[in-house]
Amino acid sequence: MKVSEIQKAKKRTLSFEIFPPKKDSELKNIDETLSILCDLNPDFISVTFGAGGSINSNNTIEVAKKIKYKYNVEPVVHLTCLHYDKDEIDSFAKVLREEGIENILALRGDRNNNIAEKNVFKYSTDLVNYLENKYDFCVLGACYPEVHPESGSKVNDVIHLKEKVDAGVEMLLSQLFFDNEIFYRFRDNCRIAGINVPVIPGIMPVINASQIKRMVSLCHASFPEKFKKIVERYESNKRALFDAGMSYALSQIIDLLVSDTSGIHLYTMNNPVVARRICDGIKNIV
Ligand code: FAD
């Protein structure tokens, strides 16, 4: 099923992001994680894509198949395009079609000096256009409440996001953020620009100090004072920081839910304990 149909029917979705194991030998271990995650009844699970190598040799599709056929949850497969040509994208799309997988998160991917760019798809919008003209997938796109680092300005970023949506993106999944006010301003700017598809906020519950620092620098996320205080106080107390990180994410999520967001996309980092705790914390919240 297309996740845009689920979104239309439910108005608000709960979804998870997971990453596939790098080695085939680790593929069977993902079942333990998936069975707990799928028990939490997400509306869909998105599976990241390691850009670079041969397009069908990473485990994204294998994990997506498990999600769909073993656990009866809709998968969304991530697909980056910077390092691939049309034939490679076609071969990936063909496998998805054969496997009955209907949802793609169309991404450009990060630049990597060690991997040659094919210069066929320069931006995710080029991939969206290509998929829309040739196939019948539900195509999702990424968005950045704190502005994508290469875009130069907020205005450029939203202009290009509008082009991506006009090309056929039906839902947007956001980069993680720790300050909801930034997300609300971004959502308002999207509406002003005429972007009317659901914008789903991405939340990552952070549970250790090094992970928080890595995320802030990797994703260019603002680190609010009140969160900084928590991390500084409990940096050396693992269990306290776990509790505090969970509470912080839950308070973000509850605030988003009462502010009429179209759903929550949880970056689980393949940690089912985290996902379960978050779901328990919102089980009575509608
Ligand atoms: P684009 O939409 O192409 O935007 C990239 C930059 O180009 C932006 O600054 C944009 O403003 C600008 N731009 C767009 N169009 C134009 C134009 N016509 N002219 C000039 N500038 C333009 N990476 C992975 O490798 N694998 C994953 O599985 C993965 N999953 C992700 C999931 C989510 C929800 C998010 C938010 C990111 C994910 N990423 C993943 C990271 C992503 O690949 C990077 O952030 C990448 O740098 C940008 O990808 P994009 O699709 O947003 O790019």
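Rule-based calculations on the coordinates, nothing more; no lab input. Remember, it's a predicted structure, so these values are computed and weren't measured experimentally. Virtual Cβ from ideal backbone geometry, glycine too; neighbours counted across all protein chains shown.
Counting helices only, and only those DSSP H runs with n ≥ 4, report the 222 nm mean residue ellipticity of the chain as the sum of -39,500 (n - 2.57) divided by its residues, in deg cm²/dmol to the nearest 500.
-13500 deg cm²/dmol
Once a ≥ b ≥ c are taken as the square roots of the eigenvalues of the Cα gyration tensor of region 201-253, is the result rounded (a/c under 1.5), prolate (a/b larger than b/c) or oblate (a/b not larger than b/c)?
oblate
In debye, nearest 20: dipole of region 3-282 around its Cα centre with unit charges on the Cβ of K, R (+) and D, E (-)?
Rounded to the nearest 20 debye, it is 560 debye.
When the chain is treated as a GNM, springs tying every alpha-carbon pair under 10 Å, which of Asn72, Asn271, Asn29 comes out with the largest mean-square fluctuation?
Of Asn72, Asn271, Asn29, the Gaussian network model singles out Asn29 as fluctuating most.
Using only Cα atoms, locate the centre of region 90-109 and the centre of region 17-83, then give the distance between them in Å, rounded to an integer.
Each part's Cα centre sits 12 Å from the other's.
Work from the charge dipole of region 3-282 (Cβ charges, +1 for Lys and Arg, -1 for Asp and Glu, about the Cα centre) and give the residue of Cys190, Val95, Pro205 farthest towards its positive end.
Working it through, the farthest residue towards the positive pole turns out to be Pro205.
Return the distance in nm (one decimal) between the two label points of a simple spin-label model at Arg276 and Glu99, each offset 7 Å from Cα along Cα→Cβ.
2.7
Can you tell me how region 1-89 classifies by the Cα gyration tensor, rounded, prolate or oblate, using a/c under 1.5 as the rounded cut?
oblate
Between Phe223 and Ser25, with labels modelled 7 Å along Cα→Cβ, what's the label distance in nm to one decimal, could you check?
3.7
Set Lys and Arg Cβ to +1 and Asp and Glu Cβ to -1, take the dipole of region 90-241 about its Cα centre, and tell me which of Tyr123, Asn112, Asn237 lies farthest positive.
The listed residue farthest towards the positive side: Asn237.
Students often check this: by mean Cβ neighbours within 10 Å, which of 167-179, 234-246 ranks highest, and how do the rest follow?
The packing order, highest mean first, is 167-179, 234-246.
Relative contact order of the chain, please, whole-number percent, based on alpha carbon pairs below 8 angstrom and at least 6 residues apart.
Relative CO of the chain lands at 19 percent.
Report the dimensions of region 3-282 along its three principal axes from the alpha-carbon atoms, largest first, rounded to Å.
In descending order, the Cα extents are 52, 45, 43 Å.
Using a Gaussian network model of the chain with C-alpha springs under 10 Å, which one of Asp126, Asp110, Asp31 is most mobile by mean-square fluctuation?
Asp110
I'd like to know how region 120-239 sits against the 2.2 N^0.38 Å rule of thumb: what's its Cα Rg over that expected value?
Computed over Cα atoms of region 120-239, the ratio equals 1.23.
When the Debye formula is applied to the Cα atoms of region 78-136, each taken as the same point scatterer, what base-10 log of I(q)/I(0) results at q = 0.15, 0.26 Å⁻¹?
Log-scaled intensity ratios, in q order: -0.41, -1.12.
Most fluctuating residue of Glu99, Glu225, Glu132 in a GNM of the chain with Cα springs under 10 Å: which is it?
Glu225
How many angstrom lie between the C-alpha centres of region 263-279 and region 196-255?
Taking the Cα centre of each part, region 263-279 and region 196-255 sit 13 Å apart.
Quick one: length gained pulling Ser251 to Arg185 fully straight, 0.36 nm per residue minus the C-alpha distance?
That works out to 21.9 nm of additional length.
Full-extension gain between Ile285 and Lys122, please, as 0.36 nm times their residue separation minus the C-alpha to C-alpha distance.
Using 0.36 nm per residue and subtracting the Cα-Cα distance, I get 54.5 nm.
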